[in-house]
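Below is one structure, written out as structure tokens; the observations come after it.
The values are calculated or read from the model by the stated rules, or taken from the named source; none is laboratory data. These numbers were taken from a predicted model, which means no experiment stands behind them. Glycine also receives a Cβ, built like all others from the backbone with ideal geometry; neighbour counts cover every protein chain displayed.
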Amino acid sequence: MSKTWYPVINNEICTECGLCIGNCMHGVYDEQKAPRPVVVFPDGCVEGCTGCGDLCPSHAIGYFGDRQEAALCGCGGCCGDGGGCCGDSGGDCGCGNDCDCGKDRQGR
């Protein structure tokens, strides 16, 4: 289990479908709050596991500890360059791509 990797929910785009809660076998989410995903046991998440994020139809789940989490818009997504994190390059990795959440590079 991991203390350096766990899901972070973007509540602005989460549709509360409950897929993340129903498919996590590690007790990371509070089942009593379903279908709203509330992380209550982040230490239960397995390092590198993206199972809940892969299931999320609205792409509302990022991960604390993911090197690509530092998108310029701050949503927890990736700029899509595939080679790292915009935040690692002083705010511009040079890829020219917008974040995969649909926001532009200024977070709009």
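Just to be sure I understand the filter: pairs with C-beta atoms under 6 Å, separated by 6 or more residues or on different chains, first member in the range 49-70 and farther than 13 Å from residue 8 by Cα, second member part of a loop (DSSP other than H, G, I, E, B) and modelled with pLDDT of 90 or more. Which pairs pass?
Listed by first residue and then by second, the contacts come to 58/13; 58/15.
State which residue pairs qualify: first residue part of a loop (DSSP other than H, G, I, E, B) and inside the range 9-21, second residue surrounded by fewer than 17 Cβ atoms within 10 Å (Cβ to Cβ) in any location, beta carbons under 6 Å apart, and separation of 6 or more residues or different chains.
Every condition considered, the pairs that remain are 13/58; 15/58; 16/35; 16/36; 18/34; 18/35.
Of the residues 92, 88, 66, which is in a loop (DSSP other than H, G, I, E, B), modelled with pLDDT under 50 and out of contact with any Asp or Glu (no Cβ under 7 Å at 6 or more places or on another chain)?
Sole residue among the options that is in a loop (DSSP other than H, G, I, E, B), modelled with pLDDT under 50 and out of contact with any Asp or Glu (no Cβ under 7 Å at 6 or more places or on another chain): 92.
Run down 99, 49, 56 and say which single residue is at pLDDT 95 or above and within 16 Å of the chain's Cα centre (by Cα).
Numbers: 99 fails: at pLDDT 95 or above; 49 fails: at pLDDT 95 or above.
Going through 99, 49, 56 in turn, just one is at pLDDT 95 or above and within 16 Å of the chain's Cα centre (by Cα): 56.
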